[in-house]
Amino acid sequence: MTGRILHGADEVLQGALWDLGQIGDENGPKYPDAVLRRLAAKVLEGRAHEPLVFRLCHLARAAAFAAEEGSMGWLEFFCDPGAGRAGWAAGWFHARLPAEGGGSSEGPPVTRGAAEVVLRYSSRAEPVTVSFGAMPLLAAFMEFLLNTLPFDSLGGAASSLSRPDLGWRELQDTANALSRSVYAWLREHTRPVQDSRQFDVMARFLAERGEGDDFAIEDIDDAAVLAFWRGASLEPETEFRTFRKTFRTFLRLAEALREDAWREGIDGPEVLGGAMERAGREPADPSSPGLDRMRAPWSVGDPWEGVAEGEDAPSPLEVLAGSEIKFLLASEVKRLTLVDAHGPFLPPLVRSLLRDTCFGQAQGRISQGLRANPAAVAALTGAPPATGYDEEAESLGALMVHLDDLMLATVAALAAAEDGGETVRRLDFETLGRGRRLLKGLRRRGFDRVRAGEPEALDDLRRTIPAMVALRQRLAPVCARLREGAPWDMLQREDEDVFAEQFARIYGTTDAREGGAAS
Amino acid sequence: MSPSWGTLSEPERARRRRRFALDVAADALVAREAPPEGVRPPRFDQIYEAARDPRAALTEPLAAALAADDRARTAFEALLRDGAVCWFPVAAAAASPTGLDAREESGFRIWLRPSSAGADQVYVLIRDREERDVRPMAIIALPPAGPPVCAPLPEDIDGVYQLIEREDSPLVRAIRDPASKVALR
C-alpha cells in the first residue's frame, strides 16, 4: 500500500482513477463520469473485476481482428479518444469487421451484428457477443490496466488472443492469467471498503425521527434531508458540509435500503484473498455469475419496452450521450444526470432535487469564493439562487417533451426504412406524420444521416431506443411531481431564507437573515 | 411499504451497509477535484501518442518521466519498436573509441559526418535505399540510461534526410553509443 488510504484505495489506485478522468481531447473527457464510477465500483468490490476481465479478453480479440496489421493493432481501438463512447465503438467495428451471417459455429472468428461484435472459438459451439454498449466500460478498464500492469503482460495476452484458431480453453487460460495479475495488483492497492460512519450517522438520525427507533426508505423525505443537513453541516470535520453531498448520500442510502433483485448477485461478495481463492478456484471462470449481466440488455426482446436494468449495463443517459447522434446537448445531459442515476427515488424528493440544483450551485460558488475572495462571501451567502425552482421544473418538463419528440422522430425514421417492429407498425398515420415533421426539424448532429436513411445511423437509432424509453420512464414521475407542486416560487422563497441562514452559519458570515424552518 | 431497518436480519443489514459504503467510496474516488499528492507516472495514452503518432513531439516532462519510470519506458520501447518504419536494436561494440559512426538496418543507413561549418557540429544523415509507402518523419534514440531523444526529420533530398546537430548533443551521443536503440518513426 502506498500513502494515505481513502475509501479503500491507496494513493496509487486513487491516482490511476484520477488519470483516467484526465484523458480526453478538445471534445471533452474520453470517459463519462458514469463509466468511471462503475469502474471504480468494480475495482473496489472484491472480485467483481473477474467477469470484466473475461469480457475484456473477448473485446481485445475483436479489436485485434478489426485493427490494421501489427501485433499491437488492438491498441488502435482502446487508445482512440472515441473509445469511451458506444456509438463510436459501433462505427469503428462496422467499418472493419464483416457483417454477422448467423449460424452458431461456422463463419469468420469475429464478425459484427447490429448491436454487438460476435466471436467464435474453436471447440465451442455457441458464439460469444460483446455489445457496443458495454465497450466504454471495458475500454476504461483496459486503459486502467495499461496504466497499472506491466505492458508485457497485456501485450502478451493480446498477442495470444489475436490467433485466428484460438480455442475456448486457451481463451480461458489467457483470461485467468490476466485476472490473476489484476487480482495481485488490486490486492496490493485496495482495502475492503467497510467505512460505515456516514451510514451510521444517517441511520441514527432517521431512527430518532421515526417511530419506535426504526426507519424505512419512506422516511427519507425532503424534510428529513434538510433537517439532517442543517445539523450535520455544522459539525466539525463533517462530511456533510454541502447540501449537494448530503442529498446525494441520502440517495445512496435509499438505494442501499431498497429491496432490489439485481443486487442479489452481490450477496456476500468475496473479498480479495478469501475462501474461493484458497480453494483454488480459477478467477475468471466463464461460468462466473454476473457474466451474462454484461450482455447488452437491449439485444433481446422488444426495444420499445425499455432497458432491463442490470448492474453492468450502461445507464440510459450513458447510451444516449455515447451515441454518434446528438440526442442531447451537454447542458441537457448534465441536467438529467441525477434523474438517470437515481430516478426511482426522486419523485418523493423533488423539492430536494430543486434545492440541489439551485442552492447546490449557490453553495459551490460560496466554496469557490472562499478560496478566491473570502471578503466577498458574505454577499454570496444571502444571494438568491441563479436558477429558480419554477425555471428548473420547466427545463425538466421541456426535456420530457424533447424525449417524446425524439421517440416520435425515431418512429418516423424507422417506419421510413420499413423497420421498427410491431410497435412501429401499430402506429396511426397522424402520429407518424407528426414524427416525420419532427424528424425534418431536428438540426442536431447526426440527424441528417438519419434522414438520409444511412444504415449505420439507423442502427445507432435502434440501439438507443430502449435508452430513450428508459430515460423517459425515469423522468416522467419526477416531472409529474413537479407539475403537482407548481408553482414553486413560494417554496423557493421559504428555502432562500433557510439556506441563507444556514450558509451564514456554516461559513461564519454575519449577515444571516432570519428564516423559518422549511419542510 | 418497504421493510424497516429493524426488521432486517443482521446479514441483510451488513450487506446493505457494505453496498452503501461501496457506492459512496466509488462516488468519492471519481468526484475528487485534485490529484493525489506525489509524482504521477506518465499515462499510457501519452506514451502511446508519443511512440505511435508520427507527428507527436516528445515533450521534456514526458522524456524525463520515461527515464525515471521503468514500466513506462518498457511500454514506450515496445510501442516504438512495433510501429517504427525502421528499428535499430542495440549494436555490436564499436571499433572506434568515440563510438559508432554508422548504423544499418532494413535498407536504412544512419551515419554521422563532421560539418565543415563548425568543429563542434556534425551532420546526422539517414539514407533510405528502398522505395517505401511510408516515410519516416522523426528519429528517436533510446540511450541505455537517461531520457529518450526525438528529432523531427526534414524532407528528404534524393532519399537522404539530413540533420545538423552539436557534436555533444544527446541525439549524437545516443547514436554513437552501441547500447542505444534507435527508431525511425
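Observations
- Sites matching GluC sites (Glu not before Pro) across the range A:377-448 that sit in DSSP coil, with at most 14 neighbouring C-beta atoms within 10 Å: A:GLU418
- Shown for the range A:197-266: the carbon plus sulfur share of the solvent-accessible area, taken with all protein chains present and a 1.4 angstrom probe, equals 46%.
- Ellipticity at 222 nm from helices only: DSSP H runs of n ≥ 4 in chain B, each -39500 (n - 2.57), divided by the residue count, give -10500 deg cm²/dmol.
- Each residue was assigned an accessible area with a 1.4 Å probe, and for A:VAL401 the value is about 80 Å².
- Restricting attention to the protein assembly as shown, the count of lysine pairs at 8 or more positions apart or across chains with alpha carbons under 17 Å apart stands at 5.
- Förster radius 45 Å - calculated FRET efficiency between A:GLU218 and A:ALA95, Cβ distance, rounded to 0.05: 0.30
- One compactness figure for the range B:85-184 is 1.01, namely its Cα radius of gyration divided by 2.2 N^0.38 Å.
- With Cα atoms, 0 to 90° folded angle of helix B:70-83 axis to chain B main axis: 60 degrees
- Estimated FRET transfer efficiency (A:ASP489, A:LEU329; beta-carbon r; R0 30 Å; 0.05): 0.65
- When chain B is treated as a GNM with alpha-carbon contacts under 10 Å, the residue of B:ILE164, B:ILE110, B:ILE47 showing the greatest mean-square fluctuation is B:ILE164.
- Largest accessible area first, the residues A:ARG335, B:ARG81, B:ARG52, B:ARG176 order themselves as B:ARG81, A:ARG335, B:ARG52, B:ARG176 under a 1.4 Å probe with ligands, DNA and RNA left out.
- Inter-chain Cβ neighbour average for residues B:36-43, partner chain, 10 Å: 6
- Pair B:VAL160, A:TRP168: separation of 7 Å Cα→Cβ label points (nm): 6.3 nm
- Euclidean distance between Cα centres, the range A:214-250 to the range A:383-400, Å: 23 Å
- Note on surface exposure: B:LEU62, A:LEU438 rank A:LEU438, B:LEU62 by accessible area, highest first, 1.4 Å probe.
- Prolate is the label for the protein assembly as shown, because the ratio a/c of its alpha-carbon gyration tensor axes (a ≥ b ≥ c) is 1.5 or higher and a/b is greater than b/c.
- The accessible surface of the range A:11-189, taken with every protein chain in place and a 1.4 Å probe, is 50 percent carbon and sulfur.
- Panel note: contact residues of the range A:171-217 (accessible area lowered by at least 10 Å² against the chain on its own; 1.4 Å probe) correspond to A:VAL193, A:ASP195, A:SER196, A:GLN198, A:PHE199, A:ASP200, A:ASP214, A:PHE215, A:ALA216, A:ILE217.
- For the range A:377-495, the square roots a ≥ b ≥ c of the C-alpha gyration tensor eigenvalues yield an a/c of 1.5 or more together with a/b exceeding b/c, which makes the shape prolate.
- A:ILE5, A:ILE465, B:ILE157, ranked by accessible area, largest first (probe 1.4 Å): B:ILE157, A:ILE5, A:ILE465
- Probe 1.4 Å, protein heavy atoms only - accessible area per residue of the protein assembly as shown in square angstrom: 44 Å²
- Chains B and A, summed buried accessible surface - 1.4 Å probe, Å², nearest 100: 4700 Å²
- Surface calculation, 1.4 Å probe, protein heavy atoms: A:ASP214 sits at approximately 30 Å² accessible.
- A:LEU6 exposes around 40 Å² of accessible area when a 1.4 Å probe is run over every protein chain in place.
- Listed residue (A:ALA203, A:ALA254, A:PHE240) projecting farthest to the positive dipole end of the range A:197-266, Cβ model: A:PHE240
- The range A:54-146: GluC sites (Glu not before Pro) in DSSP loop, at most 14 other beta carbons within 10 Å: A:GLU68, A:GLU69, A:GLU106
- Separation of alpha-carbon centers, the range A:102-162 and the range A:466-480, rounded to whole Å: 33 Å
- Net lengthening on full extension, A:ASN373/A:ARG445 (0.36 nm per residue, minus Cα-Cα): 21.8 nm
- B:ARG135-B:GLU105 FRET efficiency (beta carbon distance; Förster radius 22 Å; 0.05 resolution): 0.90
The values are calculated or read from the model by the stated rules, or taken from the named source; none is laboratory data. Nothing here was measured: the structure is a model prediction, and the numbers come from that model. Please note: Cβ atoms are built from the backbone with ideal geometry, for glycine as well, and neighbour counts cover all protein chains shown. Surface accessibility is based on the protein's heavy atoms, side chains included, excluding ligands, DNA and RNA. Shrake-Rupley method; radii C 1.70, N 1.55, O 1.52, S 1.80 Å.
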